[in-house]
1. Which members of segment 5-30 meet the condition of being surrounded by fewer than 16 Cβ atoms within 10 Å (Cβ to Cβ) and closer than 17 Å to SER89 by Cα?
2. So, of the residues in segment 138-153 that are farther than 14 Å from PHE124 by Cβ and touching a strand residue (DSSP E or B) at 6+ places or on another chain (Cβ under 8 Å), which turns out to be surrounded by the most Cβ atoms within 10 Å (Cβ to Cβ)?
3. Among the residues of segment 234-269, what is the count of those that are touching a residue at least 60 places away in the same chain (Cβ under 8 Å), charged (D, E, K, R) and farther than 25 Å from LEU212 by Cβ?
4. Taking the criterion of being more than 21 Å from VAL240 (Cα to Cα) and in contact with a helix residue (DSSP H, G or I) (Cβ under 6 Å, 6 or more places away or on another chain), would at least one residue in segment 173-190 satisfy it?
5. For segment 47-75, give me the residue count where each residue is outside any helix (DSSP H, G or I) and not β-branched (Val, Ile, Thr).
6. Go through segment 203-251 residue by residue and tally those that are in contact with a Lys or Arg (Cβ under 9 Å, 6 or more places away or on another chain), among the hydrophobic types (A, V, I, L, M, F, W, C) and at pLDDT 90 or above.
Amino acid sequence: MEPLNINVEEMAYIRSESEFGRARLKGFIEVVMGLVTGKNLHLLSFDEVVEKLRLKQAVYQGLQDIPIKNIVGSTGRYEDFTRRFLPRSGDKRDKERWRNIYTLAVTGKGFPPIDVYKIDQVYFVKDGNHRVSVARDLGWETIQAHVTELPSPISLDPDVEPDELLIKEECAYFLEQTHLDQTRPESKERINFTVPGGYRRLLNHIQLHRYLLEQERGQPLADDDETALELAAASWYDNVYLPLVEVVQKTDVLKQFPGRSESDLYSWLIKNQAALRQQHNLTDIDDLPSAVGFWLAYVENLSEPTPNLNEIDLPKAAEAFLETIDEQKT
């Protein structure tokens with residue numbers, strides 16, 4: 001009996017059949033588990049992210065080794081793979097392409113660099129989805145890529161989920177209007193919401209702050225609206241937001257509700273201030289410290305306060321915050 005004359009490349013190609021089947025099975029399980037747990041395991045759509053974050057510029061950054069775990073989306077085939085780039089499709093052409101790339105990778109022949117877009121810490125595949133899929137299957141940590149970066153003031157990390165993009169979209173519009181990322185760069189870390197709607201409320205607060213400042217001064221903050229809003233936003237951040245957040249930090253109230261941020265609490269306190277003032281008899285603000293007193297007077301002008309205190313669950317957090325105000329009054 002003559003020995004089989006099968007070279008390394010042929011053996012690798014034969015093995016790629018079972019490897020693709022295993023990867024697709026893992027992808028199927030991942031999708032099912034996502035449905036069971038309610039976790040979105042889809043790749044992000046590059047076009048959707050660019051639109052929501054209002055990105056306009058792109059700069060080619062050259063050929064780089066990029067971390068595969070930071071590749072979170074694609075420009076056109078984001079529905080063909082799971083978040084971990086496991087294949088979802090059994091299409092014959094896709095399967096054949098995956099197998100050929102696998103064969104090139106394991107035989108040492110390699111394949112060309114992929115093309116990606118970079119936004120903050122994450123990457124989106126422009127060309128090379130199957131190469132990323134095979135590389136992840138083989139356990140590679142990095143892959144060569146031609147990188148084009150889209151500068152963004154919005155933070156994106158590899159754990160970002162599609163549902164979070166709504167908040168990111170609000171943040172992008174907020175920064176576009178206020179320019180706080182330029183006038184107060186640290187604000188990107190200090191203002192951070194975990195639920196939608198927060199940035200919209202902040203814009204309303206800043207507009208009101210602008211109105212109050214102009215009423216006090218008897219003249220506009222600037223000749224044009226854009227500059228006036230920018231100045232008002234910086235003043236609001238320095239004199240309203242930060243002082244209140246510092247009070248929150250001193251009380252350690254965030255420990256009472258994990259997963260929420262200082263910005264969430266700020267928004268909740270502002271929205272529910274009328275009910276809190278009535279419940280805790282905080283009608284006299286004349287003897288309060290300036291930061292807290294300004295906040296209480298300031299929110300008097302906000303419309304549609306709600307007595308519903310369940311938007312964010314604050315078991316003892318609000319009580320602790322209000323106790324500090326009581327202490328400062330004495």
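1. Step one: of segment 5-30, the residues surrounded by fewer than 16 Cβ atoms within 10 Å (Cβ to Cβ) are 5-11, 14-15, 17-18, 21-22, 25-26, 28-29.
Residues satisfying the conditions are GLU17, SER18, GLY21, ARG22, LEU25, LYS26, PHE28, ILE29.
2. In the first step, residues of segment 138-153 are kept if they are farther than 14 Å from PHE124 by Cβ; the result is 138-142, 144, 151, 153.
Among the residues that remain, those that are also touching a strand residue (DSSP E or B) at 6+ places or on another chain (Cβ under 8 Å) are: 141-142, 144, 151.
Values: GLU141: 10, THR142: 13, GLN144: 17, PRO151: 12.
Checked segment 138-153; the qualifying residue surrounded by the most Cβ atoms within 10 Å (Cβ to Cβ) is GLN144.
3. First, pick out the residues of segment 234-269 that are touching a residue at least 60 places away in the same chain (Cβ under 8 Å): 247-248, 250-254, 256-257, 259-264, 267.
Subsequent filtering for residues that are charged (D, E, K, R) retains 250, 252, 260, 262, 264.
Checking which are farther than 25 Å from LEU212 by Cβ leaves us with 250, 252, 260.
Residues in segment 234-269 being touching a residue at least 60 places away in the same chain (Cβ under 8 Å), charged (D, E, K, R) and farther than 25 Å from LEU212 by Cβ: 3 in total.
4. Looking only at segment 173-190, we keep the residues that are more than 21 Å from VAL240 (Cα to Cα), and these are none.
Checked segment 173-190: no residue is more than 21 Å from VAL240 (Cα to Cα) and in contact with a helix residue (DSSP H, G or I) (Cβ under 6 Å, 6 or more places away or on another chain).
5. So the first thing to find is which residues in segment 47-75 are outside any helix (DSSP H, G or I), and the list is 54-67, 71-75.
With not β-branched (Val, Ile, Thr) added as a condition, the list becomes 54-58, 60-65, 67, 73-74.
So the answer is 14.
6. Going through segment 203-251 one residue at a time, the tally reaches 8.
The values are calculated or read from the model by the stated rules, or taken from the named source; none is laboratory data. The structure presented is a predicted model; accordingly, all values stated were derived computationally and were not measured. Please note: Cβ atoms are built from the backbone with ideal geometry, for glycine as well, and neighbour counts cover all protein chains shown.
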